[in-house]
1. Kindly indicate whether any position in segment 30-53 is without any contact (Cβ under 8 Å) to a residue 40 or more places away in the chain, within 30 Å of K153 (Cα to Cα) and away from the ligand (no atom under 16 Å from the Cβ).
2. I need a count of the residues in segment 18-74 that are aliphatic (A, V, I, L, M), out of contact with any helix residue (DSSP H, G or I) (no Cβ under 7 Å at 6 or more places or on another chain) and closer than 18 Å to L191 by Cβ.
3. Has segment 160-169 got at least one residue that is in a loop (DSSP other than H, G, I, E, B), of a type outside the set (A, V, I, L, M) and open to solvent by less than 10 Å² (accessible area, probe 1.4 Å)?
4. For segment 136-173, which positions are touching an Asp or Glu at 6+ places or on another chain (Cβ under 8 Å) and farther than 26 Å from W42 by Cα?
5. I'd like to check something: does segment 124-138 contain any residue that is surrounded by 15 or more Cβ atoms within 10 Å (Cβ to Cβ), under 18 Å from the mean Cα position of the chain (by Cα), of a type in the set (A, V, I, L, M) and in a loop (DSSP other than H, G, I, E, B)?
6. So is A202 of a type outside the set (F, W, Y) and touching a helix residue (DSSP H, G or I) at 6+ places or on another chain (Cβ under 7 Å) or not?
7. Specify which of the listed residues (F56, F96) is within 22 Å of L165 (Cβ to Cβ), of a type in the set (F, W, Y) and in the same structural domain as G16 (by TED's automatic domain parsing).
8. Name the single residue that is farthest from the ligand (Cβ to nearest atom) among those in segment 191-230 being open to solvent by 20 Å² or more (accessible area, probe 1.4 Å) and closer than 13 Å to Q101 by Cα.
Amino acid sequence: MLEITKEFRNVLKSAGSVAVLTGAGISAESGVPTFRGEEGLWKKFRAEELASVDGFMSNPELVWEWYMFRRNIINSVSPNPGHYALAEMEKLFDNFTLITQNVDGLHKLSGSENIFELHGNILKNKCFECGKPYTEEIDPESGEHPNCECGGKVRPDVVWFGEMLPEAAINGAFEAASRAELFFSVGTSALVQPAASMPIIAKQGGAYLVEVNLEPTPLTDVADCSFLGKSGEILPQIVEILKSEKVG
Ligand code: OAD
């Protein structure tokens, strides 16, 4: 069983407002590749060609190929115990917000409800010109990519490098971070802004900051409590402790 400090135990018991930031690491145990690290996507692929406005304008076919490749992976995987633990945690607190940088939709699939998707959702599409959601099915085999009714090209509904984050999501996430009494940073390298500043904002606002990651990150020294290991193993144990505290 996971060893936790008395202080963390007390915060778990008393916190009314909880926020969690997740990154690619929480989906790693489901089989979704992370971006950084030895096996990370950005080791093998060039982000500026595949995940940027310039990249899409100069070679939309290549960008679509990359997103179809990732969609195929995501369509073939399922949530893991880390996702399910967060969905369960949501039910145990009065006020719970999940902020994710992931575009895979696995949090929703595992039952989480109050989610801000900071970087969009890879399974959705929108118009490159007018931004309107495009809800028709796209046949991945056809190699053809449709246009919006305004004539603009349809693109995946994700945030590319250099783009603004969806306003409602970013505002909601910052608001949740600043009022959190307990904040978890899970499976993120804590390098990409503005998500990386959310745990810091939470801590500055008085939150107890807990990190769960396979390895130390720039956040580790700032965190009140850091668990080095797999989120799919650590989060379910935190939920078990939480349930026993709520009952006891
Ligand atoms: P990264 O790939 O940068 O970091 C993943 C983190 O997860 C690393 O710190 C790993 O140590 C950790 N990790 C891996 N497996 C884990 C596991 N089983 N349990 C716990 N931790 C684990 O992913 P993000 O931080 O999400 O942006 O990256 C942020 C953004 O950079 C992404 O949203 C994406 C990327 O470029 C856009 O596409 C806009």
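The values are calculated or read from the model by the stated rules, or taken from the named source; none is laboratory data. Quick caveat: nothing in here was measured; it's all calculated off a predicted structure. Don't worry about glycine lacking a Cβ; one is built from the backbone with ideal geometry, like all the others, and counts go over all protein chains shown. To get the accessible areas, we keep the full protein, side chains included, count just its heavy atoms, and leave off ligands, DNA and RNA. Shrake-Rupley method; radii C 1.70, N 1.55, O 1.52, S 1.80 Å.
1. The answer is no; no qualifying residue exists.
2. Looking only at that region, the number is 5.
3. yes
4. Matches in segment 136-173: P146, C148, C150, G151, G152.
5. no
6. yes
7. Being within 22 Å of L165 (Cβ to Cβ), of a type in the set (F, W, Y) and in the same structural domain as G16 (by TED's automatic domain parsing) holds for just one of F56, F96, which is F96.
8. The selected residue is S197.
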